[in-house]
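Worksheet for the structure shown next.
The values are calculated or read from the model by the stated rules, or taken from the named source; none is laboratory data. Computed from a predicted structure; not experimentally measured. Cβ placement follows ideal geometry from the backbone for every residue including glycine, while neighbour counts extend to all protein chains displayed.
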Amino acid sequence: MLSAELHRLLQRQLKKSELDVSNNPQLEEFLHMVNEAYRSFDKDILHIENILEESSKELFISNQKLIAERDSTKNKLENIVDNVGGVIFETDLDGNFTYLNNAWEILSGYKLADTLGKNFRSFLYGENIDGNIKFSELFSNTKSETKFIFKHKRNEKVMWFELKSKLILNSNGFPIGYIGTIVDVTNLKNIEIELKRASEAKDNFLSTMSHEIRTPLNAVTGLANILLMEDYLPDQVENLKALKYSGEHLLGLINDLLDFDKIKSGKIKLVEKDFSIIHFLENINSHFSLRAGKKGVDFILKIENELPKTIIGDDLKLAQIVKNLLSNSLKFTDTGSITLSVKNLGVDKNKIQFEFKVIDTGIGISKDRQQLIFESFMQAESETSIKYGGTGLGLSISKKLLEIQGSNLIVESELGSGATFSFIITYKVSNRLNGFEPDMIKMQPNYEPLNINVLVAEDNKMNILIIKKFFANWKVNYEIAENGKELLDIFEKRDFNLILMDLQMPLLDGYQTTSIIRKLPNPTKCNVPIIALTAFAQTDIKKKTQQYKMNGFMGKPFNPIKLYNLLKSYSIDTLNNQAV
């Protein structure tokens, strides 16, 4: 018989079915099993509920801990962000600020509430951006990163900031905005500005000192050349040559210092043009054969194999390198020989390589000092500069000039056994079919009288004396003006084949005077050839003379051969021959 305490669900089901189980033992047994199953299920449910309740309590506690940790971390991050020295910002794709930390108010002076939601263009102006960055490209979704420096004026104080930003992408890889930083770099920028001013001051100092030194030096070398051109007593020749050598040596030292400064400041540029490597070597040979012969040293030019007639490259830089190396060898070689060896290493893809070697039988260099000689103002031994002279810049300049052209200077030597300096340099192959003969070779002067009318602008009395002496020897027709205004008065009354224009003059300088001449209505006068004359060493002088439509540039002190060749190229006879 069934127990009266049936499970509530079973009682409900039996009542609903109106089933009589009193006379059915088998059904009664089955219902008993079902009743036990219900009760067992209730126990399982109760157990699960207990477990869930405990788990829920644990989850609640863990969740509270996580919330506390999140809030703590958030507060720490906010404290860090708000106390960091730089601005942290976030914008949408249009550049509207969506987030800014407290540093914004401190550095910019604008309130956060007045900034959020506004565009960066409301606070940043194109003229305040440092460099050549277009304002429209500052925030562009085509650039993943942006970096620039800008200035901002606050309380009459100019401040400089560096901005870095990065494009933000969503999970699908589409851009949605920018995040970045703004850091105060005022101190660094001010240092940079001061360094730039110092560099400009240094350049101006070098330029001014060069002018001040070259001006009297022009008189020394000029008078020495004039005295050697005129009649002199036999016992005076040694003194005159010593005077000329001393002046040229001093000029060489000045040029070394100026070249070194140009290279160091990155102002040296390659000027590539057609030139004859054969004529180049002939010129080197004629010059150093005489110099070496006077010292009792043999000079040997060794051409290893066939050389092309014409190549494309910077022949002036090559001349400076080779002359520096040969002068260095000549300085340290008292007996024996100096050899300049040139080898054609072959052509590849319209480029040709040459190997140059300068081999001497001089004092040599010890192994431990061989790298030191390439450093600026350094020589192999401390006694070297005392015994042999020089600045210690020649090899340094040569090495740097080669590095600019992708080459390197190598030394092989032993103390007491001479030295070999070598380099491999690449030039372009020229397409010229005819032989190329440079002006230096074509116009070796023999100082014949020159048929030319020259107007000279020069205010330095000693330079005027030198020019008068040169022109008297060459039978040149000339007039001299001591300032630009006087030159214009003379030029208005007479025609000239050439004007030699000093750039530094009172009343009107060379640039101003040239500008006036180029605007004259008379086509003959406004197109008269004008050659700039200056002892200044500023690297932009040559470029500036071209901007003012001058026809050339000549430095002081005057080299008589170069000056004569210049006058001859503009002489009436030369121009008539060219017109035929």
Of the listed residues (Phe30, Phe89, Phe60), the one being modelled with pLDDT of 75 or more, surrounded by 10 or more Cβ atoms within 10 Å (Cβ to Cβ) and within 30 Å of Asn119 (Cα to Cα) is Phe89
Tyr232, sole failed condition from (1) modelled with pLDDT of 70 or more; (2) closer than 24 Å to Trp474 by Cα: (1)
Filter region 289-299 for residues that are closer than 15 Å to Thr361 by Cβ and either of a type in the set (Gly, Ala, Ser) or under 39 Å from the mean Cα position of the chain (by Cα) (or both) and give the result. Ala292, Gly296, Phe299
Before we move on, is Ile464 of a type in the set (A, V, I, L, M) and surrounded by fewer than 16 Cβ atoms within 10 Å (Cβ to Cβ)? yes
So which residues in region 361-416 are modelled with pLDDT of 50 or more and acidic (Asp, Glu), if there are any at all? Asp368, Glu375, Glu403, Glu412, Glu414
If only one of Asp114, Asp44, Asp94 is at pLDDT 80 or above and either in contact with a Phe, Trp or Tyr (Cβ under 9 Å, 6 or more places away or on another chain) or of a type in the set (Val, Ile, Thr) (or both), which one is it? Asp94
Does Ala532 count as surrounded by 15 or more Cβ atoms within 10 Å (Cβ to Cβ), under 26 Å from Tyr564 (Cβ atoms), among the small types (Gly, Ala, Ser) and at pLDDT below 95? yes
Would you be able to tell me the number of residues in region 92-118 that are surrounded by fewer than 16 Cβ atoms within 10 Å (Cβ to Cβ) and in a helix (DSSP H, G or I)? 4
Restricting attention to region 537-559, and to residues there that are closer than 18 Å to Val456 by Cα and in a loop (DSSP other than H, G, I, E, B), which single residue is modelled with the lowest pLDDT? Pro557
Any hit, region 137-149, residues being closer than 28 Å to Glu192 by Cβ, over 33 Å from the mean Cα position of the chain (by Cα) and modelled with pLDDT under 85: no
Can you list residue pairs whose Cβ atoms sit under 6 Å apart, with the first residue in region 150-173 being over 17 Å from Gly86 (Cα atoms) and the second being in a loop (DSSP other than H, G, I, E, B) and at pLDDT below 85? Count only pairs 6 or more apart in sequence or on different chains. Leu167/Ser144
Determine, yes or no, whether Ala481 is buried (at least 16 other Cβ atoms within 10 Å of the Cβ), small (Gly, Ala, Ser) and modelled with pLDDT of 85 or more. yes
Are any residues in region 281-338 in contact with a Phe, Trp or Tyr (Cβ under 8 Å, 6 or more places away or on another chain), assigned to a helix (DSSP H, G or I), closer than 16 Å to Val358 by Cα and among the small types (Gly, Ala, Ser), and if so, which ones? Ser289, Ala292, Ala319, Ser329
Taking the conditions exactly as written (modelled with pLDDT under 75 and either among the hydrophobic types (A, V, I, L, M, F, W, C) or outside the structural domain of Ile149 (by TED's automatic domain parsing) (or both)), does Asn50 satisfy them or not? no
